[in-house]
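Reviewing the structure listed below.
The values are calculated or read from the model by the stated rules, or taken from the named source; none is laboratory data. Not measured: the values here are computed from a predicted model. As a convention, Cβ positions derive from the backbone with ideal geometry for all residues, glycine included, and neighbour counts pool all protein chains shown.
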Amino acid sequence: MHRTPDVDAKRSGHRELILPLTLLAVAIIVVLGAHLTGWTAAAGVAAFATVFLSIVVQATPFLVLGILLSAAIVAFVPATVLERALPRNRALAVPVAGAAGILLPGCECASVPVASGLMRKGVTPAAALTFLLAAPAVNPIVLVATWVAFPNDHRMVLARLLASLGAAIGIGWLWIALGRAEWLRLPKPRSGDAHASHWLVFRHAAVHDFLHAGGFLIVGGLISAVINVVLPTTWVDSLAEQVILGVLVMALLAVVMCICSEADAFVAASFTQFSPTAQLTFMVVGPMVDLKLIAMQAGFFGRAFAVRFAPAVFVCAVVASAVVGWVLF
């Protein structure tokens, strides 16, 4: 029996709800169960609930605001805005595209289709990829969230801005030097997209990003709480005390935990055992390369692109974080 695209989209949307709703349900059951049965009398469970709830409660307002802004940009801001603002010189277009990320906030989930649309409209891939990396990492919502998450050391805001922007621009220039057109596969616009109303696009983008990002925030909060409470302190401290290993551990955690950039600062701040440079690395790597982004990039641009782009971004983000952290901290 033939199914319409709308039916397929609805079924796909229902499948996407399973993970975040399941995780949210588990989190609610754990917290309420602990409260109602008196489990919170145990110091470990009380600490677990405190860490988890503090991360989710602090991060949610920034997550919602960032998602709404991102959806508004996807729905109402034409890709030609950035296209017209970019210099024709590719090397100069890269830093301009990076700076545009400050003015056009968006989460990492939204930046992938936006970058794809820019390239389809003729924007040089180096500039579009720079914008893809910079927009979710250096926008005002993320920087304000970082300011709130690190109230005792506001140098972290400057460090995040410099390291993220440096890594994004570095990748853009690296693509100019080494990138090949055959690695990049641009998708065709989906039928019906051009006829969808702006408000319909806004609603779909906001709901999709909230359910996805909210689910991953729950995951991040749970993992952070487990690491801070359940794992033996000696294990975590032994990793945190080793400067290089601590940075690499936090970088790998950022790849696996897949936390939205509007919320990751609160998770990073909860890892108090690790150095500021390691915490910075977590916040720089996460918005640029994690498991969900690798999957999205492979879907939009092809596997040949993703297997080359993700490792290069990871290395560049870690190096930029280490250099900025060494200078500022």
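Every residue, every condition in (1) buried (at least 24 other Cβ atoms within 10 Å of the Cβ); (2) under 19 Å from VAL315 (Cα atoms); (3) at pLDDT 90 or above, yes or no:
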| site | (1), (2), (3) |
| --- | --- |
| LEU103 | no, no, no |
| GLY117 | no, no, no |
| ALA126 | no, yes, yes |
| LEU143 | no, no, yes |
| ALA168 | yes, yes, yes |
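The set of residues from the range 240-262 being charged (D, E, K, R) and surrounded by fewer than 21 Cβ atoms within 10 Å (Cβ to Cβ) comprises just one member, GLU241. For THR146, the criteria (1) over 17 Å from the mean Cα position of the chain (by Cα); (2) touching a residue at least 40 places away in the same chain (Cβ under 8 Å); (3) assigned to a helix (DSSP H, G or I) hold in every case but one, which is (1). Looking at PHE314, PHE274, PHE266, just one residue is of a type in the set (Phe, Trp, Tyr) and within 23 Å of GLY170 (Cβ to Cβ), and that residue is PHE314.
Based on this model, can you work out whether PRO78 counts as part of a helix (DSSP H, G or I), surrounded by fewer than 19 Cβ atoms within 10 Å (Cβ to Cβ) and modelled with pLDDT of 70 or more? When the stated conditions are applied, PRO78 does not pass them. When GLU262, GLU241 are checked against the criterion of being among the acidic types (Asp, Glu) and touching a Cys at 6+ places or on another chain (Cβ under 7 Å), GLU262 stands alone in meeting it. Please go through the range 280-318 and pick out each residue that is within 15 Å of the chain's Cα centre (by Cα), buried (at least 24 other Cβ atoms within 10 Å of the Cβ) and either aliphatic (A, V, I, L, M) or part of a helix (DSSP H, G or I) (or both). Passing the criteria: LEU280, THR281, PHE282, MET283, VAL284, VAL285, MET288, VAL289, LEU293, VAL313, ALA317.
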